[in-house]
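Report on the structure given below.
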């Protein structure tokens, strides 16, 4: 059934219209459309799962600190590892540079521990 001004009382039609407009206005910034027309959250996975640690990890990509680059042959993803705020941080991106995740490994104190972690995840050291 198509809702028109003639099939339901006008005040109800007006209320539904206002609710729909408000919903689009409020929820619009929270989703983005991809080329296949599927709505996906605009908030990256890393922010949802790792919170503020994701922002800390992204500092690996700012070009202001030394970093190590890893590559996973199976997934074709790159891992950037650096030391930020006394923590080892990791950012994983796909072959196009799209972020997959970003997090810190605050329990790891040495690069050898991070190297073992990355190797166990299928990544080899590139640089």
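Of everything in region 79-114, what is in contact with a strand residue (DSSP E or B) (Cβ under 7 Å, 6 or more places away or on another chain) and in a helix (DSSP H, G or I)? Give them in sequence order.
Within region 79-114, just 114 meets the criteria.
For the subset of region 38-71 comprising residues that are at pLDDT 85 or above and part of a strand (DSSP E or B), which member is surrounded by the fewest Cβ atoms within 10 Å (Cβ to Cβ)?
Among those residues, the one meeting the criterion is 69.
Hey, can you tell me all the residues within region 73-91 that are in contact with a helix residue (DSSP H, G or I) (Cβ under 9 Å, 6 or more places away or on another chain) and modelled with pLDDT of 90 or more?
79, 80, 81, 82, 83, 84, 87, 88, 89, 90, 91
Condition check: at pLDDT 85 or above and surrounded by fewer than 16 Cβ atoms within 10 Å (Cβ to Cβ). Does residue 125 satisfy that?
In short, yes.
The values are calculated or read from the model by the stated rules, or taken from the named source; none is laboratory data. Fair warning: this is a prediction, and the values are worked out from it, not measured in the lab. Cβ sites come from the backbone with ideal geometry, for glycine too, and all protein chains shown count toward neighbours.
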